[in-house]
Amino acid sequence: PEKIKVVEKEVVVDSLDTGKFLVAKGPLLPWFMNVRPHEDIERGNLDESVFAANLGDVALGTGREVYRDPEQFFPKTYFTAGLKNLARQVIRGLNGNQEADNRVISLQTGFGGGKTHSLISLYHLVRKGEDIVNWELTSDIIDEIGKPEFENANVAVVTNSTNDPTQGRTVDGIHIKTIWGELAFQLGGRETYEIIRQNDENRTTPKGLFKKVLEKTAPCLILIDELADYCVAASGVPVGALTLSDQTISFIQELSESISVSNQCVAVVTLPASPLEVASSEKGHQILVSLNNRLSRVGKDTKPVEGDEIFEVIRRRLFEDLGDKAEIEKVVKHYYDYYKTLDYNHEIPQYADRPDY
C-alpha cells in the first residue's frame, strides 16, 4: 500500500523504492483485475508436485486429472516450436508419409526440460487420432503439426517404473519380465506377446522378431520414458554372462532397426542430458553412452523447449486468461518509460531494456 497511491483518479506506483512515483495516465489496472489465473492458483492451493508429470500414471488412467484428462491438459500446455516439430514428425510417421523424418526420436534434455510433458502430449494427440482435426483445443496448431490420417493407433508406454527389472509384473495372467514383453503385450495383447514370449521369459533380446510385432500392430506409437534409469536398475539382474541392462540396450538397437523397415511405426525415447541424472557412477555413464550410440544410429535428437519459450510454458500453466492485451501494453509502456528515466548505471542488461522483453 505504501508503494501504490491513487491521486486524482490516477494510479501512481513506486516499484523500486526510489521515492519517485510512476504516474499511470488513465489509470492502470492492478494485474489481478485483468489477468485470470487457473482455479487452483486463484484459490491458493497449487501443489508444486503437479509439475512432476508421470507418463505411466496417464497410460494407466491413474494419477492427476490435469495430466490424464486431455480436456484439462491441453489448455495448460503451450506448444513450443520443439513440441510442434515433434508432433509433426510423429503424425507424419504414423500416416505412413514416405517423407517422414527419422521415426526413432531421442529426447535428451536436463531434468525438468519438458521430456515427459512432451510424451504425454503425444499420447493424447495420437489416442484421439483424426478427431484432433476438428478439436477446439488443437485447432490453432493443426496446420503446423499436420492432420492425422489414422482413426486409431496402438500406443505402448514404458517408464522406469512400469516393469520392475527384478520382479517384472503380472497382467492378464501373463508374467511380463522385460521392456520387449511390455511393448508386445501393450501393442497387441496376447497374440503379439506370443511372438516374443520365450525371449521375455528368458530375458533375452528378440533378434529379427520384433518387426513381426510392429507389422501386426501398425499404426503404432511407442513411448519410452527415462530409459537410462531403468537400465541402471536392470544392471543388477544377471542374464547368463550378461545383465538385463545389456540385453535392454541391445533391444533398443533391434527396436530402432525394426521401426526403420516398418511402415506407420514411431518410437520416442527420453534420455537425460547428463550421467549425473542417472547415477553418479561409471556404470551410469557407460549406460547413457551406449544408449546414445544405439539411438543415434537412426534417431534424431530433439529439444522440447528452447530459450525464452519457458516463459510461455509457465504462463500457460499459471493463467487461464491473459486479459485485455491493450491493458497489458499500457502497463508495459509505462514501466518502460519509467525505467528510461532512471539512472541505473547499466544494472539492467541490454536485452532487458526493451518493451518486448
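Throughout, read-outs are computed from the coordinates displayed, never taken from laboratory work. Worth saying up front: this structure is predicted, and the values here are computed from it rather than measured. Cβ sites come from the backbone with ideal geometry, for glycine too, and all protein chains shown count toward neighbours.
Below, the figures for the structure above:
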| quantity | calculated |
| --- | --- |
| Nonlocal amide H pairs with F319, under 5 Å, H built at 1.01 Å | H38 |
| Cut-off under 5 Å, modelled amide H: who pairs with L271 long-range | L107, Q108, T109 |
| Under-5 Å amide H pairs with G96, H placed in peptide plane, nonlocal only | Q264 |
| Efficiency of FRET between D353 and I328 - r from beta-carbon atoms, R0 22 angstrom, step 0.05 | 0.70 |
| Extension gain from E191 to A81, taking 0.36 nm per residue of separation minus the Cα-Cα distance | 35.7 nm |
| Estimated distance in nm for a label pair at D40 and N292, the labels positioned 7 Å out from Cα along Cα-to-Cβ | 3.4 nm |
| Cα Rg, Dmax, segment 167-291, angstrom units | 14.3, 41 |
| Members of K76/K207; K76/K216; K128/K212 lying beyond 32 Å, as alpha-carbon distances in this model show | K76/K207; K76/K216 |
| Rounded FRET efficiency, nearest 0.05, which uses the C-beta distance separating Q198 from A233 and R0 of 25 Å | 0.60 |
| Sorted peptide list for 212-220, 132-140, criterion being average Cβ within 10 angstrom, highest first | 212-220, 132-140 |
| Stretch gain in nm, segment Y336-R127, where the contour uses 0.36 nm per residue and the Cα spacing is subtracted | 70.7 nm |
